[in-house]
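Worksheet: the structure to be examined is printed underneath.
The values are calculated or read from the model by the stated rules, or taken from the named source; none is laboratory data. Quantities reported herein were computed from a predicted structural model and do not represent experimental measurements. Glycine also receives a Cβ, built like all others from the backbone with ideal geometry; neighbour counts cover every protein chain displayed.
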Amino acid sequence: MLQESFTGVYLRHAVRTVGDVQTVRAAYIGGEPIGLSMLKTMEKGAGYVYYVAVASAHRRRGVGSRLLRDAVSYLRSVGANEVYASVGEDNAESNALFRGHGFRKTSFGEVSRKYGMIRGVSMYRSMFVVPGEVLLVLDGPSIPDFPAGEPKS
Ligand SMILES: CC(C)(COP(=O)(O)OP(=O)(O)OC[C@H]1O[C@@H](n2cnc3c(N)ncnc32)[C@H](O)[C@@H]1OP(=O)(O)O)[C@@H](O)C(=O)NCCC(=O)NCCS
C-alpha cells in the first residue's frame, strides 16, 4: 500500500514511520487491509496526521475520508485540541482531502506564536515538513464524529 502511494524520500520515510510511529489505524474490507493512517500526539493539545494512504484499487470510495475522520476522532480522544498535517503543494488529491475536511494552511510562524519558539521548532522538525509542502491545521473539533458503518463501495 505504501509503495503504491509514495515515492522517493516520502516512501522511505513512510516505511520507517509505520514501524515506529505512536499509532497506526487501518481500514479493512473483508479482512483485507485497504488503507491506513499514521498518527501521533506532539506538544500538549496538538495531534499530527503523518500519512493517510489508501490502496489504489480502493480510492475514490470514501475510504480516505473515513480514515481522516477516524484519525481526528482518535487524536481528539487522546487530548488533541488541534490537528496538524503536511501535504505536498502539488498533491491535488491530498490537498482536496484535507481541505475538504476543514484543514487550513498554517505556518511555522503561527505554530511558534502559539507554542513558543523552542517548542515550535521541535514540533516543526517532528512533523517532517519539507520544502514543497504546506503545513495544514484543523482548529478545534470541526469534523463530525466518525460515523458507524462500512465505507462506500
Ligand atoms: C489522498 C488519498 C488518501 C485519498 O483517499 P481516497 O480514499 O481516494 O479519498 P476519498 O474517496 O475519501 O475522497 C475524499 C476527497 O479527496 C479528494 N480526492 C480524492 N482523490 C482525488 C483525486 N484523484 N483528485 C482530486 N481530488 C481527490 C476529493 O475531494 C474527495 O472528495 P469527493 O469524493 O467528495 O470529491 C489517496 O489518494 C492516497 O492514498 N494517495 C496516495 C497517498 C497520499 O498522497 N496521501 C496523502 C498525503 S499523507
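Within segment 96-113, residues that are within 13 Å of Val83 (Cβ to Cβ) and free of Cβ contacts under 8 Å to residues at least 60 places away in the same chain have Cβ atoms under 7 Å from residues that are aliphatic (A, V, I, L, M) and in a loop (DSSP other than H, G, I, E, B) in these pairs: His101/Ile143; Gly102/Ile143, counting only partners at least 6 apart in sequence or on another chain. So is Val49 at pLDDT 95 or above and within 11 Å of the ligand (Cβ to nearest atom) or not? Here the answer is yes, as Val49 does meet what is asked. Cβ-Cβ contacts under 6 Å between residues 6 or more apart (or on different chains), taken from a first residue in segment 55-71 that is free of Cβ contacts under 8 Å to residues at least 60 places away in the same chain to a second residue that is part of a helix (DSSP H, G or I) and near the ligand (Cβ under 7 Å from one of its atoms), are listed as Gly64/Leu97. If you filter segment 1-47 down to residues that are of a type in the set (A, V, I, L, M) and part of a loop (DSSP other than H, G, I, E, B), you find that the one that is surrounded by the most Cβ atoms within 10 Å (Cβ to Cβ) is Met42. Within 16 Å of the ligand (Cβ to nearest atom) and not charged (D, E, K, R): is that true of Tyr115 in this structure? Against the criterion (within 16 Å of the ligand (Cβ to nearest atom) and not charged (D, E, K, R)), Tyr115 does not qualify.
Table: residues versus (1) within 12 Å of the ligand (Cβ to nearest atom); (2) in a loop (DSSP other than H, G, I, E, B); (3) within 16 Å of Leu36 (Cβ to Cβ).
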site	(1), (2), (3)
Arg60	yes, yes, no
Arg66	yes, no, yes
Arg69	yes, no, yes
Ser73	no, no, yes
Arg76	no, no, no
Val87	yes, no, no
Asp90	yes, yes, no
Asn95	yes, no, no
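Of the residues in segment 66-74, at least one is of a type in the set (D, E, K, R), under 11 Å from the mean Cα position of the chain (by Cα) and farther than 20 Å from Phe6 by Cβ.
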